[in-house]
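Worksheet for the structure shown next.
The values are calculated or read from the model by the stated rules, or taken from the named source; none is laboratory data. What you see is a predicted model; the values in this text were computed from it and never measured. Quick reminder, even Gly has a Cβ in these numbers, built from the backbone with ideal geometry, and neighbours come from all protein chains shown. Calculation scope for accessible area: heavy atoms of the full protein, side chains included, ligands and nucleic acids excluded. Shrake-Rupley method; radii C 1.70, N 1.55, O 1.52, S 1.80 Å.
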Amino acid sequence: MPPRASGGARFSPAGDAVAVPRCPAWTGLSPTVHLLFMDTPRSRSPPVPGHRPFPDMEYTDRTLAGSCYQMPADSVSPSEQPDADDGTGESSPWDRSVEKRLADAREAQHTVATGSQETVDELTRIVHRLVCDDSAVVRRWAEHAVAETSQGDVSDKLEKTTTVVDLMYAEMEGERSVGVVTDPAADPVKIGKPVGVIGAHTPSTNCAATPVALALTAFKGGNALIISPSPFAVETCELVVADIQAALEREGFPGELIQSLSAPIRKARTEQLLTHADAIQVTGSPSQVERGETCGTPNYCVGAGNTVGIVDPTADLAATAEYIAHSAAFDNGLVCVCMSNLLIPPGLAEEFMAELEAAGGYRCSAAETRRLRDTLYTDERINPDCIGQPATEIASMAGFGEQLDGDTFLVPVFDDVDLSDPLVRENLSPVATLYTVPRDEVVPTTNAITSYQGAGHSCAIYGARDRAIELADGIDVCRICRNQSSIGLSVGEGNRVETSLSLGCGTWGGNQTDGNITYEQFTNTTTLYDRVPDSRPAENEATTAHVPRLQRLYKVIARAVQ
């Protein structure tokens, strides 16, 4: 196996965040592991959602955020259906509607592009006020999302959307993004410029939160946004877009700065948007992400995967159990940074399992684990009836629901990791499988799991800071948090994560970036460099002594070539 191209910690390990460049040598690139600590927390800690049972939920969506779930061969999403032929042999009117939206977006974006930093900042303020000043607006979105998709809980969706928007706005407020963004008296001078029209595909699992987050991202860079929503969440996306359009127009801005494709959402229409936009962002199934990455348009698509948790002997087991309970059960496991696999040294397994039970975990017996596996997976594919269901409902489907007493997540326990077991995979449910792994085998085991079910995605380490840095140097993921809920890798409360619902997985995951997607990915930069007098080092004996030797070497090579 070839050596890594680069490695080791950048920045001082005594600081708040450590960046460790990591990349296979053959790529010539260096995606970076970002290790986040809670040494300098923000004023608020991650919210703990209420975990309520949804016995009447019917999960039909196959377009899941960051999911490696694959549809059965005989089940085809409407977005995969070919466009209907109108019988004339000409282009479908739906194709012309996409063309019109693109034209309207470009015209609207031009009005913003000729504006100033104050103009784009006002756009982001409008979105922030809409979401955070009147909870009734977001509650209406959340209620419509649950009614349309049969997924999730109204209160959780309201909390998630308002928290993400509030944090994103706080992080971008005061930051310069267009025009001269650096000190004009310094050298070089950097000038930010819009990308143009951003095309996006959004999932049903975050059918309100993702569109409004993308609107903030686009507007901060002076861009327009057109969304192709999940075919199972078209109405919710249209509702969000209509409310943002109305808010923009009330302040004198063109509503066409944000638009969405209307039903039916078909493959050809989505591809037309992706291929004609100036830049794109796709959050969805692996097939949809691949379509975005191969359409020929500059893109920031995201990879699949869940977080792997590592419990080191240096960890506070009681506090760690509370963090993991939040990581595994948040939104019933629907979020990509939820935790689905846990690794712990053999000598600590029983003590830690007791702490997990005290935090709301239910330890599955061997027989219950077999029934759970058969319930969660059908023909090695995730059972859509289990996606996003509470632990009590999944346990009832598996035949042991009466054993749970207020437990919020299920914990199968194994002595070692078997990659052929479906339970290793991303499961989109409140199930965290616990494996006993020797301390010196943690790194290769973690890399094996992430390579199998989420290359480059994320990891959480519980233990001492020095040990976390040591592990991070060997683990090939883009983001690692320490001693906190893994949800903080997306929602940056309690750490310095850039808040985003779209997480890049670097070259490991086949993505263009290894960071969380923010407005910075959707701006271009012009850099002006002044001439620096005498910028070349002065010639001296030390710098010129090698020249005769090089000249002789060149002659030898030339003769050999001849």
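Looking at Glu171, Glu175, just one residue is touching a Gly at 6+ places or on another chain (Cβ under 9 Å), within 20 Å of Glu498 (Cα to Cα) and not β-branched (Val, Ile, Thr), and that residue is Glu171. Counting only strands (runs of 3 or more DSSP E) wholly contained in the range 122-233, the ones carrying 1 or more residues that are within 25 Å of Arg266 (Cα to Cα) and at pLDDT 95 or above occupy 197-202, 224-229.
Of the residues making up the range 328-367, those that are touching a Pro at 6+ places or on another chain (Cβ under 8 Å), in a helix (DSSP H, G or I) and either open to solvent by less than 70 Å² (accessible area, probe 1.4 Å) or among the hydrophobic types (A, V, I, L, M, F, W, C) (or both) number 7.
Considered as a group, the residues in the range 176-192 that are in contact with a helix residue (DSSP H, G or I) (Cβ under 8 Å, 6 or more places away or on another chain) and either at negative phi or polar (S, T, N, Q) (or both) include one that is most open to solvent (accessible area, probe 1.4 Å), and that residue is Arg176.
Output the residues belonging to the range 246-279 that are part of a helix (DSSP H, G or I) and of a type in the set (Lys, Arg). Arg250, Lys267, Arg269 - these are the residues of the range 246-279 that are part of a helix (DSSP H, G or I) and of a type in the set (Lys, Arg). Evaluation of Ser177 against the conditions (1) under 19 Å from the mean Cα position of the chain (by Cα); (2) of a type in the set (Ser, Thr, Tyr); (3) closer than 26 Å to Glu493 by Cα shows that the sole unmet condition is (1).
Restricting attention to the range 435-461, the residues that are more than 19 Å from the chain's Cα centre (by Cα) and of a type in the set (Phe, Trp, Tyr) add up to 1. Please tell me if Ala455 is under 22 Å from Ile517 (Cβ atoms) and either out of contact with any Pro (no Cβ under 9 Å at 6 or more places or on another chain) or open to solvent by 10 Å² or more (accessible area, probe 1.4 Å) (or both). Answer is yes for this residue. Out of the range 111-145, which residues are of a type in the set (S, T, N, Q) and open to solvent by 60 Å² or more (accessible area, probe 1.4 Å)? Residues satisfying the conditions are Thr111, Thr114, Ser135. For the range 298-321, enumerate the residues that are among the polar types (S, T, N, Q) and either open to solvent by 30 Å² or more (accessible area, probe 1.4 Å) or touching a Gly at 6+ places or on another chain (Cβ under 7 Å) (or both). The answer is Asn299, Asn306, Thr314. Within the range 126-149, the set of residues being polar (S, T, N, Q) and under 22 Å from the mean Cα position of the chain (by Cα) comprises just one member, Thr149. The residue list Leu372, Leu419, Leu423, Leu404 contains one member that is in contact with a helix residue (DSSP H, G or I) (Cβ under 8 Å, 6 or more places away or on another chain), open to solvent by 50 Å² or more (accessible area, probe 1.4 Å) and among the hydrophobic types (A, V, I, L, M, F, W, C), which is Leu419. Quick one: Thr445 ticks every box in (1) touching a Ser or Thr at 6+ places or on another chain (Cβ under 7 Å); (2) surrounded by fewer than 22 Cβ atoms within 10 Å (Cβ to Cβ) except a single one, so which number is it? Condition not satisfied by Thr445: (1).
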